[in-house]
Structures are given as C-alpha cells and as structure tokens.
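Student: First the structure, then my questions, so here it is.
The values are calculated or read from the model by the stated rules, or taken from the named source; none is laboratory data. All of these numbers come straight from a predicted model, not from anything done at the bench. Virtual Cβ from ideal backbone geometry, glycine too; neighbours counted across all protein chains shown.
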Amino acid sequence: MTPTEAKQVIDLLARGIDPATGEVLPEDSPLNGAHIIRALFIASKALEPAGAKPVPAGAGAAGKAGKPWSDGEDQRLLAGFDAGTPLAQLATAHERTRGAINSRLIRLGRLQIHGKAASAPNDQP
C-alpha cells in the first residue's frame, strides 16, 4: 500500500465511511468517536505530500455522504422504496451510497438485518 492509498483509506474512515464497502459506519462504531476522528484527520494531514492542496471534505464520495437526513428526505426515501425503486436508483436520487440507503432503510424499519447483510425485496445484484 502506498502512502496515497493509506491516506484515501484514512480519509474515508474519518468521514465515517467503510473503505471496503462504501457504507456509512454504524453510529456505535468506535471509529465514530470524536477523538478517533480527530486522530484520523491528523494522520491524513501527515500523509499529504509537501505543498499539496488539501482535498475538500466529501470529494470523491456521494454528494451527501455523512450528512444528516432530513424528515423530508426520509419520507421521499420510504416512498421510493415502497414503490419498488431499486436501491441503486435510490442511492443516485438521494446522492448517497447504496450502503447509506441500506443503513437508513434499516433504521427506518423497512429492511431487516439477516446475519450481517440487509436484504431488500427489490434489490438488484
């Protein structure tokens, strides 16, 4: 792994995103602690090449990755899901990762976790 690749992993973790899956980390994840996030940002900065411009937060991720969900957005998500819209389309429409859509649908009670994976009746592989 190169320092650049390590920095990308650290940046995703600092934004609360699992680098392996692109899913938003659970709220109770130890990586979501304020002191851990600060340490990750410091580690990321230390890996920047000398004279490099900092990458804006959220660059390269879905537009709303890591941002809070509004009640209106929740309602639109539920309406789309109930109408049978595929999760990939919901992710695009909400500018979120597919993992974030899964996580939100679990939180809102529309999906259930079986083992470690969520299942959706309208999900396409």
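Student: How about the range 15-55: which of its residues are assigned to a helix (DSSP H, G or I) and either among the hydroxyl-bearing types (Ser, Thr, Tyr) or within 16 Å of Ala100 (Cα to Cα) (or both)? Spell out how you get there, then give the answer.
Tutor: First pass over the range 15-55, keeping only residues assigned to a helix (DSSP H, G or I): 30-32, 34-46.
Scanning the range 15-55 gives Asn32, Ser44.
Student: To continue, here is another question. Which residues, counting only those in the range 69-88, are surrounded by fewer than 19 Cβ atoms within 10 Å (Cβ to Cβ) and at pLDDT below 85? Can you show your working first?
Tutor: Just the residues of the range 69-88 that are surrounded by fewer than 19 Cβ atoms within 10 Å (Cβ to Cβ), to begin with: 69-76, 78-80, 82-86, 88.
Correct list: Ala88 only.
Student: Criterion first (within 16 Å of the chain's Cα centre (by Cα), at pLDDT 85 or above and among the small types (Gly, Ala, Ser)) does Ala39 satisfy it?
Tutor: On the way: within 16 Å of the chain's Cα centre (by Cα): no; at pLDDT 85 or above: yes; among the small types (Gly, Ala, Ser): yes.
When the stated conditions are applied, Ala39 does not pass them.
Student: Then there is this: Does the range 89-125 hold any residues that are at pLDDT 80 or above, closer than 16 Å to Pro26 by Cα and aliphatic (A, V, I, L, M), and which are they?
Tutor: Ala100, Ile101, Leu105, Ile106, Leu108, Leu111
Student: For residues that are in contact with a helix residue (DSSP H, G or I) (Cβ under 8 Å, 6 or more places away or on another chain) and not aliphatic (A, V, I, L, M), scanning just the range 1-14, find the one that is farthest from Asn102 (Cα to Cα).
Tutor: The residue in question is Lys7.
Student: What pairs come out if I take residues in the range 90-110 that are farther than 14 Å from Gln75 by Cβ and pair them with residues that are part of a loop (DSSP other than H, G, I, E, B) and of a type in the set (Ser, Thr, Tyr) whose C-beta lies under 7 Å away, six or more apart or interchain?
Tutor: Ala91/Thr97; Gly99/Thr21
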